[in-house]
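The values are calculated or read from the model by the stated rules, or taken from the named source; none is laboratory data. Everything numeric in this text was worked out from a predicted model, so none of it was measured. Cβ sites come from the backbone with ideal geometry, for glycine too, and all protein chains shown count toward neighbours.
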Amino acid sequence: MTHTATFNEAKQKLEHYCAYQDRCHQEVVSKLYDLGIKPPDLDEVVVHLIAHNFLNEERFACSFARGKHRIKHWGKIRIVNELKFRNISQYNINTALKEITPEEYAATFHRVTQHQWESIRETNVLKKRKKFCDYFLRKGFESNWVYEKMKELENSETE
């Protein structure tokens with residue numbers, strides 16, 4: 001038999017859960033269901049978390065975008081898709097993308113592409129190109145950037 005958390009237990013657990021790391025509404029609702037909390041108590045806990053600034057979707061989106069770009073080196077396309085998957089509003093997605101300056105974005109892209117190109121141990125040029133492009137498209141970088149950078153790195157290698 002699973003223990004269903006009381007309203008106050010759930011509120012306390014979720015305060016800790018949100019204080020530890022920024023969360024989106026979807027994660028909080030899912031956690032409340034896991035604790036056995038059902039509407040209308042669920043809505044009341046969410047309102048409490050928002051009112052006491054434990055839950056802030058804009059803050060979540062901004063820290064998510066910063067972290068995924070700086071730590072995992074994700075591109076804007078992947079960040080946007082992941083935020084949409086978490087039901088984040090377009091307004092908050094746009095705000096989050098402003099956290100990454102164009103200069104930082106370009107510098108990260110050039111640094112990680114250079115490193116990745118050098119680390120691919122593939123003698124077949126076509127296979128190396130495919131591995132390189134697939135990797136950065138999966139990371140969510142713009143295709144025109146990826147293809148231009150591949151040509152640039154390939155040309156610099158043959159000189």
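Could you please find all residues in the stretch 97-141 being among the small types (G, A, S) and over 25 Å from V80 (Cβ atoms)? Working first, answer last.
If we filter the stretch 97-141 for residues that are among the small types (G, A, S), which is where we start, we get 106-107, 119, 140.
Scanning the stretch 97-141 gives a single hit, S119.
Sort out which residues of the stretch 39-69 are closer than 23 Å to Q90 by Cβ and not hydrophobic (A, V, I, L, M, F, W, C), and write them in order of number.
Those that are closer than 23 Å to Q90 by Cβ and not hydrophobic (A, V, I, L, M, F, W, C): N53, N56, E57, E58, R59, S63, R66, G67, K68, H69.
Would you be able to tell me the number of residues in the stretch 86-108 that are touching a helix residue (DSSP H, G or I) at 6+ places or on another chain (Cβ under 6 Å) and loosely packed, with under 15 Cβ neighbours inside 10 Å?
Residues in the stretch 86-108 being touching a helix residue (DSSP H, G or I) at 6+ places or on another chain (Cβ under 6 Å) and loosely packed, with under 15 Cβ neighbours inside 10 Å: 1 in total.
When the residues of the stretch 86-116 are filtered to those that are among the hydroxyl-bearing types (S, T, Y) and outside any loop (DSSP other than H, G, I, E, B), which remaining residue is nearest to E148 (Cα to Cα)? Let's see the steps before the verdict.
Our first condition is that a residue be among the hydroxyl-bearing types (S, T, Y); within the stretch 86-116, this holds for 89, 91, 95, 101, 105, 108, 113.
Pick out the ones that are also outside any loop (DSSP other than H, G, I, E, B) and you get 91, 95, 105, 108, 113.
Values: Y91: 31, T95: 28, Y105: 16, T108: 16, T113: 11 Å.
So the residue we want is T113.
Identify, from the list R138, R129, the residue that is under 30 Å from V28 (Cα atoms), of a type outside the set (S, T, Y) and not assigned by TED's automatic domain parsing to the domain that holds L42. Show your work before the answer.
Details: R129 fails: under 30 Å from V28 (Cα atoms).
None of the other options fit; the residue is R138.
Of the residues L55, L83, L42, which is within 30 Å of N144 (Cα to Cα), surrounded by 13 or more Cβ atoms within 10 Å (Cβ to Cβ) and not small (G, A, S)?
Working: L55 fails: within 30 Å of N144 (Cα to Cα); L42 fails: within 30 Å of N144 (Cα to Cα).
It is L83.
For V46, all conditions in the list (1) assigned to a helix (DSSP H, G or I); (2) among the hydrophobic types (A, V, I, L, M, F, W, C); (3) touching a Phe, Trp or Tyr at 6+ places or on another chain (Cβ under 8 Å) hold save one; what is the number of the exception?
(3)
Residue-wise test of (1) closer than 11 Å to C24 by Cα; (2) in contact (Cβ under 8 Å) with a residue 24 or more places away in the chain.
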{"position": "L49", "(1), (2)": "no, yes"}
{"position": "F54", "(1), (2)": "yes, yes"}
{"position": "R59", "(1), (2)": "yes, yes"}
{"position": "R66", "(1), (2)": "no, yes"}
{"position": "H69", "(1), (2)": "no, yes"}
{"position": "G75", "(1), (2)": "no, yes"}
{"position": "L83", "(1), (2)": "yes, no"}
{"position": "R86", "(1), (2)": "yes, yes"}
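Looking only at the stretch 1-29, filter to residues that are without any contact (Cβ under 8 Å) to a residue 12 or more places away in the chain and over 20 Å from E58 (Cβ atoms); which one of those is surrounded by the fewest Cβ atoms within 10 Å (Cβ to Cβ)?
Kept after step one, since they are without any contact (Cβ under 8 Å) to a residue 12 or more places away in the chain, are these residues of the stretch 1-29: 1, 6, 8, 12, 16, 20-21.
Imposing the further condition that a residue be over 20 Å from E58 (Cβ atoms) reduces the set to 1, 6, 8, 12, 16.
Working: M1: 3, T6: 13, N8: 9, Q12: 13, H16: 10.
Filtering first and then ranking leaves M1.
The rows are residues; the columns are (1) in the same structural domain as V146 (by TED's automatic domain parsing); (2) in a loop (DSSP other than H, G, I, E, B); (3) in contact with a helix residue (DSSP H, G or I) (Cβ under 8 Å, 6 or more places away or on another chain).
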site: E27; (1), (2), (3): no, no, no
site: K31; (1), (2), (3): no, no, yes
site: I37; (1), (2), (3): no, yes, yes
site: L42; (1), (2), (3): no, no, yes
site: H73; (1), (2), (3): no, yes, yes
site: E82; (1), (2), (3): no, no, yes
